[in-house]
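*Asks:* Let me give you the structure first, and then I'll get to my questions.
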Amino acid sequence: MGLLHRKDLGLLALRLGTGGVLAAHGAQKLLGWFGGGGIDGTAQAMEAMGYRPGKPSAIASGLAEGGGGVLLALGLATPAAGAAVAGGMSGAVAVHRKAGFFITAGGYEYPAYLGFVAATVGLFGPGRYSLDRLIGYRLDRPGMIALSFLASGAAAAVVVGRRERGVAEQAKESERAAARRGAGPAK
């Protein structure tokens, strides 16, 4: 087997492994499989993390992970799949950012890594053993790469920015409420 085929087999293994993990996470969010909360449980969690409204946020996150993961595993629309996952994972990174990098402290290491791998595969391409190759790379062209990553980056910036502003406003309101309680009549 030539070096070229080894690289394609490596890409296949990377796509299947990463795509499988992402698909499972998406199934937790969308379907409640593997101990997940399903749409309703995920919507509540999204609200608690500052993503409002919760239900559309849960659906978007589940589709980015689940749909992006399945597409990555299949090697179909690889740039769009990689970009969708990277955008979705940026939302998870935002939630875990304050805890630092390492997952052992609740940090963003894991979602950052999944997003990085997905983005890399989206940019690099699916390789020889993929549905994209089977259909003549119609969904894996330079224009698709640029469009996918620009759209995903813009959407992630808007969603994460809105969350950050909401979380900051909620923190200010909590501080104001605490000050009002402390400024009450002396006992």
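*Asks:* Residues to consider are L63, L30, L72; find the one that is within 19 Å of F124 (Cα to Cα) and either touching a residue at least 12 places away in the same chain (Cβ under 8 Å) or assigned to a helix (DSSP H, G or I) (or both). Don't jump to the end; show me each part of the working.
*Replies:* Values: L63 fails: within 19 Å of F124 (Cα to Cα); L30 fails: within 19 Å of F124 (Cα to Cα).
Just a single option satisfies the conditions, and that option is L72.
*Asks:* In the range 18-47, what residues are within 25 Å of V117 (Cα to Cα) and among the β-branched types (V, I, T)?
*Replies:* T18, V21, T42
*Asks:* Within the group A92, A84, which residue is crowded, with 24+ Cβ neighbours inside 10 Å and outside any loop (DSSP other than H, G, I, E, B)?
*Replies:* Working: A92 fails: crowded, with 24+ Cβ neighbours inside 10 Å.
Every option except A84 fails the conditions.
*Asks:* Of all residues being within 14 Å of the chain's Cα centre (by Cα) and open to solvent by less than 10 Å² (accessible area, probe 1.4 Å) in the range 67-81, which is farthest from A23 (Cα to Cα)? Just the residue, please.
*Replies:* Among those that are within 14 Å of the chain's Cα centre (by Cα) and open to solvent by less than 10 Å² (accessible area, probe 1.4 Å), it is A81.
*Asks:* Checking G50 against (1) open to solvent by 30 Å² or more (accessible area, probe 1.4 Å); (2) modelled with pLDDT under 95; (3) at positive phi, which test does it fail?
*Replies:* (1)
The values are calculated or read from the model by the stated rules, or taken from the named source; none is laboratory data. Since the model is a prediction, treat every value here as computed from it, not as a measurement. With ideal geometry, Cβ positions are generated from the backbone for all residues, glycine too; neighbour counts draw on all protein chains shown. SASA here: full protein model, heavy atoms, side chains in, ligands and nucleic acids out. Shrake-Rupley method; radii C 1.70, N 1.55, O 1.52, S 1.80 Å.
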